[in-house]
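The values are calculated or read from the model by the stated rules, or taken from the named source; none is laboratory data. The structure presented is a predicted model; accordingly, all values stated were derived computationally and were not measured. Neighbour counts are summed over all protein chains in view; Cβ atoms, including those assigned to glycine, are modelled from backbone coordinates with ideal geometry.
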């Protein structure tokens with residue numbers, strides 16, 4: 001291919017092989033700008049060193065919790081154990097009670113006398129273990145009492161051989177111990193063997209239930 005015959009200043013011309021020329025009117029000639037001639041492929045260079053490891057990526061979002069499984073079937077109840085032996089029956093012994101007897105002559109001294117002043121039934125096994133004697137008006141005087149007991153079938157209780165009960169001797173109060181035991185249904189008798197100088201007297205008999 002021939003160069004243009006009347007080129008203008010700066011006009012470029014490319015040959016069939018890809019070489020580029022440019023016309024310079026001041027020099028009245030074509031100047032080589034570039035060529036596309038390709039040389040033989042060179043030898044492959046050595047593989048380069050590995051680059052640094054990349055940073056750890058951001059952790060992914062946790063997945064949704066799975067659906068809970070169905071509850072298992074409840075097992076069969078075991079057989080009931082044998083009933084234990086019954087405990088021994090409890091005891092109500094030691095319960096304490098009082099029997100109170102009062103003699104009131106409305107401020108006038110009780111005339112000296114001897115004889116039965118009271119009888120009462122005990123509804124359970126018992127022990128009369130103590131007593132008090134109180135001159136209610138604060139008087140000081142003398143009194144002597146006795147107690148005896150017997151089963152209802154053997155009533156009346158004997159007076160002879162009875163147990164000494166509440167007593168005063170120039171005192172306005174006194175307390176003491178005694179010991180009469182018996183069964184449910186017993187009759188207890190209280191009798192006076194002497195009394196002077198008192199217008200109002202209270203006696204208290206203390207017992208335990210067995």
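Test residue 143 against the stated conditions and say whether it is in contact with a strand residue (DSSP E or B) (Cβ under 9 Å, 6 or more places away or on another chain) and surrounded by fewer than 18 Cβ atoms within 10 Å (Cβ to Cβ). First the steps, then the outcome.
On the way: in contact with a strand residue (DSSP E or B) (Cβ under 9 Å, 6 or more places away or on another chain): yes; surrounded by fewer than 18 Cβ atoms within 10 Å (Cβ to Cβ): no.
Criteria not met by residue 143.
Do you know which of the residues in region 159-199 that are in a loop (DSSP other than H, G, I, E, B) and more than 22 Å from residue 112 (Cα to Cα) is modelled with the lowest pLDDT?
In the first step, residues of region 159-199 are kept if they are in a loop (DSSP other than H, G, I, E, B); the result is 159-162, 172, 183-186, 197-199.
Next cut, more than 22 Å from residue 112 (Cα to Cα) only: 161, 183-186.
Values: 161: 65, 183: 97, 184: 97, 185: 97, 186: 97.
Among residues in region 159-199 that are in a loop (DSSP other than H, G, I, E, B) and more than 22 Å from residue 112 (Cα to Cα), the one modelled with the lowest pLDDT is 161.
Can you say whether residue 93 is within 30 Å of residue 196 (Cβ to Cβ) and either modelled with pLDDT under 80 or exposed (fewer than 11 other Cβ atoms within 10 Å of the Cβ) (or both), as far as the supplied structure shows? So that I can check it myself, show each step before the final result.
On the way: within 30 Å of residue 196 (Cβ to Cβ): no; either modelled with pLDDT under 80 or exposed (fewer than 11 other Cβ atoms within 10 Å of the Cβ) (or both): yes.
In short, no.
Out of the residues in region 178-208 that are within 12 Å of residue 133 (Cα to Cα) and surrounded by fewer than 17 Cβ atoms within 10 Å (Cβ to Cβ), state the one that is nearest to the chain's Cα centre (by Cα).
Among residues in region 178-208 that are within 12 Å of residue 133 (Cα to Cα) and surrounded by fewer than 17 Cβ atoms within 10 Å (Cβ to Cβ), the one nearest to the chain's Cα centre (by Cα) is 204.
Taking the criterion of being touching a residue at least 60 places away in the same chain (Cβ under 8 Å), assigned to a strand (DSSP E or B), out of contact with any helix residue (DSSP H, G or I) (no Cβ under 7 Å at 6 or more places or on another chain) and on the phi > 0 side of the Ramachandran plot, would at least one residue in region 107-115 satisfy it?
Yes, region 107-115 has at least one match.
Do we find that residue 154 is loosely packed, with under 14 Cβ neighbours inside 10 Å, farther than 20 Å from residue 208 by Cβ, modelled with pLDDT of 95 or more and out of contact with any strand residue (DSSP E or B) (no Cβ under 7 Å at 6 or more places or on another chain) in this structure?
When the stated conditions are applied, residue 154 passes them.
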